[in-house]
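Please treat every number below as a calculation from the coordinates, not as lab data. Because the structure is predicted, anything quoted here is derived from the model rather than measured.
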Amino acid sequence: MSRAERQQAVERMTSKCRLPADRITVLEGNQARVRPDANDSYESVDCLLTELKSMHGVELGFVGNEAYSNEVN
C-alpha cells in the first residue's frame, strides 16, 4: 500500500471514529503516529486503534504519555 493510499485510509478512519484528522500522522514504511487529545472520547480513540489494528502490515506501539500533567485537580 502506497503512502497516499495509507493516508486516504487514515482519513476514512478518523472520519468513521469522529476524530480530527490531525490525531494521526502517516509516517514512512508501515508506521503511523497517533496523538489523541486529552479531551477525545475513549470510544473514539478505541475505534481508531481498532481500525489501525485491522490495517494489513501496520505495527502498533506506544510511547509514554508526556502530554498529560501530573497535577491533581
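Quick notes on this structure:
- Unit Cα scatterers, Debye sum, segment 1-55: log10 I(q)/I(0) for q = 0.14, 0.31 Å⁻¹: -0.31, -1.45
- Extension gain, VAL34-ASP22: 0.36 nm per intervening residue step, less the Cα-Cα distance, totals 3.4 nm.
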